[in-house]
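Just so you know, all these numbers are worked out from the coordinates, no wet-lab data involved. All figures in this text were calculated on a predicted structure; none of them were measured in a lab. Here Cβ is always computed from backbone atoms with ideal geometry, including for glycine, and neighbour counts include all displayed protein chains.
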Amino acid sequence: MIKYQRDNCGYCGACVAVCPQQILELTENEVTKGIGCDECGNCTIVCPMGAFTREDEP
Amino acid sequence: MKYDVVVVGGRIGGSVSSLFASRDDVDVLMIEKRQEIGTPVQCAEGTTLSTFKILDMKPSRRFINSYIEGATVYAPDGRALDLEEVTGRNFLDGAGYEGYILDRKVFDKHLAIQAAKAGTDIMMKTTVKDLIRKEGKVCGVVAKHLGKIMEIKADVVIAADGVESNMTRLAGLTSPNQPRDIGSCAQLELVGLDIDPYRLNFYFGRKIAPGGYLWMFPKGEDTVNVGLGVRSNKKTAYQYLNQFISRFDDVTPVELNIGGVPLSGPIDRTYSDGFLVVGDAAGQVDPVTGGGIHTTAFCAKVAGQVAAEAAKKEDTSADVLKKYDDIWRERFGKNLEISLKYRNAADKLTDKDMNALAEFLEKNKMENLSKISAIKFLGKHPNLLKLIKDFL
Ligand SMILES: Cc1cc2nc3c(=O)[nH]c(=O)nc-3n(C[C@H](O)[C@H](O)[C@H](O)COP(=O)(O)OP(=O)(O)OC[C@H]3O[C@@H](n4cnc5c(N)ncnc54)[C@H](O)[C@@H]3O)c2cc1C
Ligand code: SF4
Ligand code: SF4
């Protein structure tokens, strides 16, 4: 599962640029993730702060 | 609501487009989704005189933090090279212009103020959600302000919405980037770092900044922007940065900046019917250095002028707007293309290659580089051969 931690986010928009599903949107100080994530992991690679991470299913 | 030109994004690309369109006497609206212009800063703030020449502006103390006289590059093994000695000229741009460290917050705001004074209307905290299209032609935007949706008609929409660039995707000009084409950046503005206030420092190496480099840009006597761009899935940019900074005692951060830089070179087409793209959204950034201020300034100026001219002639079709694409490619197309080639070749270099190159350049200054010594050296380093052959 791809998890977004708002506390770690620095609002730069890099994740938005690489999401192939185009489900990420940067509002002023938060990224919202729509439905349809294919877990490609692109956002986890480019995020400078590690706000997007891949978590094992519980 | 109806405007001749609507500009999406209110930083350098947006303000410069708006300024030059307004100067040509058309009605311009600039829309910025954040509630402040230019924050948070996503930039190391280095530029050259060419930016001010493009903008017909004088470099002013108001938005310049410091003046730069030279640069030192550190190879992975720590070997230091002063670039002006190696190349025999100021490296900052081809023309040898002097360098500056800007105060981007003040500079971006200043540009927006100039646009407003020239007649541009500005809407803050307003997000463009969609493009309005009629028979395939872009003819306006759908925007949202405090929950209220509005339609704004326009003869030309200029997308200056940065690395996110939803607009170019909505217009069908690009698809999402690959992670290897985005430099993931983190920067701390530090107090207490004792370095030459007139000199830039660059550090290379897989351990320091894999797939990129680290910079130290002095902002006058008081603070230094220490940042890096990486392309790696091992650690985050912020982790690499903290790892580097841990070598200094008693430094204190007063600002954290992060961002993504598009390093794929320009997109194939920067115009369509009723639509232009400028700046990071168009990939008008040097793929080696990640520098985009002066290219964005030039391209945005031309976009504003071409959009105004087309609106006045009441023909904003792709055929007419193509003039923008032609003009900016004439000025920067070749440079960005060569730079992308260098980036691709440099991506293959190992730390050992970089150390060998630094050692070689230290011994052989560029201007009196003999072909024989170069060929001998390159014969031993095939990765470097590809990178350096265009220099010879
Ligand atoms: C860490 C870092 C360091 C850099 N250092 C340098 C340097 O030292 N020298 C240099 O020359 N270049 C540097 N660059 C590159 C340079 O900062 C950019 O090329 C330049 O700022 C691009 O300007 P822009 O106007 O195209 O985009 P941006 O500055 O990204 O502006 C886009 C604006 O559009 C707004 N926006 C986005 N979507 C919407 C929407 N839907 N509706 C309304 N508004 C929207 C955003 O809020 C933003 O304000 C650096 C980049 C980074 C990330
Ligand atoms: S994992 Fe891929 S699809 Fe899912 S949000 Fe991240 S970039 Fe988008
Ligand atoms: S890349 Fe990371 S820090 Fe930047 S907006 Fe996306 S989640 Fe936030």
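Hey, with R₀ at 22 Å, roughly what FRET efficiency would A:Arg6 and B:Lys125 work out to, going by the Cβ-Cβ distance, to 0.05?
Taking R0 as 22 Å, the efficiency between A:Arg6 and B:Lys125 is 0.70.
Might you list the cysteines of the protein assembly as shown that have no disulfide-compatible partner by the rule of another cysteine's Cβ under 4.7 Å?
A:Cys9, A:Cys12, A:Cys19, A:Cys37, A:Cys40, A:Cys47, B:Cys43, B:Cys139, B:Cys185, B:Cys299
Cα gyration tensor of segment B:14-59, axes a ≥ b ≥ c as square roots of the eigenvalues: rounded (a/c below 1.5), prolate (a/b > b/c) or oblate?
In terms of gyration-tensor shape, oblate.
What is the average number of partner chain Cβ atoms found within 10 Å of a Cβ in B:172-179?
Mean partner shielding for this stretch: 5.
Which lysines have a Cα lying under 16 Å from the Cα of B:Lys341, excluding residues fewer than 8 positions away in the same chain?
Straight-distance partners of B:Lys341: B:Lys386, B:Lys389.
So how do B:245-258, B:293-306, B:48-61 stack up, highest first, on mean other-Cβ count within 10 Å?
B:293-306, B:48-61, B:245-258
Please compute the net charge surrounding B:Gly70, taking Lys and Arg as +1 and Asp and Glu as -1 over other residues with Cβ under 9 Å from its Cβ.
-4
Mind giving me the nanometre distance, one decimal, between the label points for B:Lys117 and B:Lys234, set 7 Å out from Cα along Cα→Cβ?
The two pseudo-label positions are separated by 5.0 nm.
State whether the protein assembly as shown is rounded, prolate or oblate according to the following rule on the C-alpha gyration tensor (a ≥ b ≥ c being the square roots of its eigenvalues): a/c under 1.5 gives rounded; otherwise a/b larger than b/c gives prolate, and the remaining case gives oblate.
prolate
Could you compute the net charge surrounding A:Phe52? Neighbours are other residues with a C-beta less than 12 Å from the C-beta of A:Phe52; K and R count +1, D and E count -1.
Combined, the nearby Lys, Arg, Asp and Glu give +2.
In debye to the nearest 20, how big a dipole does chain B give about its Cα centre with +1 on each Lys and Arg Cβ and -1 on each Asp and Glu Cβ?
Taking the Cα centre of chain B as origin, the dipole is about 880 debye.
Taking a threshold of 24 Å on the Cα-Cα distance, which of the pairs A:Lys33/B:Lys148; B:Lys125/B:Lys313; B:Lys2/B:Lys125; B:Lys33/B:Lys58 fall above it?
Exceeds cut-off: B:Lys125/B:Lys313; B:Lys33/B:Lys58.
May I ask you to list the GluC sites (Glu not before Pro) in segment B:160-246 that are in a DSSP loop and have at most 10 other Cβ atoms within 10 Å of their Cβ?
B:Glu221
Using a Förster radius of 22 Å, what is the FRET efficiency between B:Asp196 and B:Asp56 based on their Cβ-Cβ separation? Nearest 0.05, please.
Using R0 = 22 Å, I get an efficiency of 0.10.
Averaged over peptide A:15-25, how many Cβ atoms belonging to another chain are found within 10 Å of each residue's Cβ?
Other-chain Cβ atoms within 10 Å of each residue's Cβ, averaged: 6.
Mean residue ellipticity at 222 nm from the helices of chain B, using -39,500 (n - 2.57) per DSSP H segment of n ≥ 4 over the full residue count, to the nearest 500 deg cm²/dmol?
Counting only the DSSP helices, I get -9500 deg cm²/dmol.
How shielded is B:155-163 by partner chains, expressed as the average number of their Cβ atoms within 10 Å of its Cβ atoms?
The per-residue average across the peptide is 2.
Could you pull out the trypsin sites (Lys or Arg not before Pro) across segment B:142-222 that fall in loop regions by DSSP (anything but H, G, I, E, B) with no more than 12 other Cβ atoms inside 10 Å?
Taking segment B:142-222 and a limit of 12 other Cβ atoms within 10 Å, the loop trypsin sites (Lys or Arg not before Pro) found are B:Lys207.
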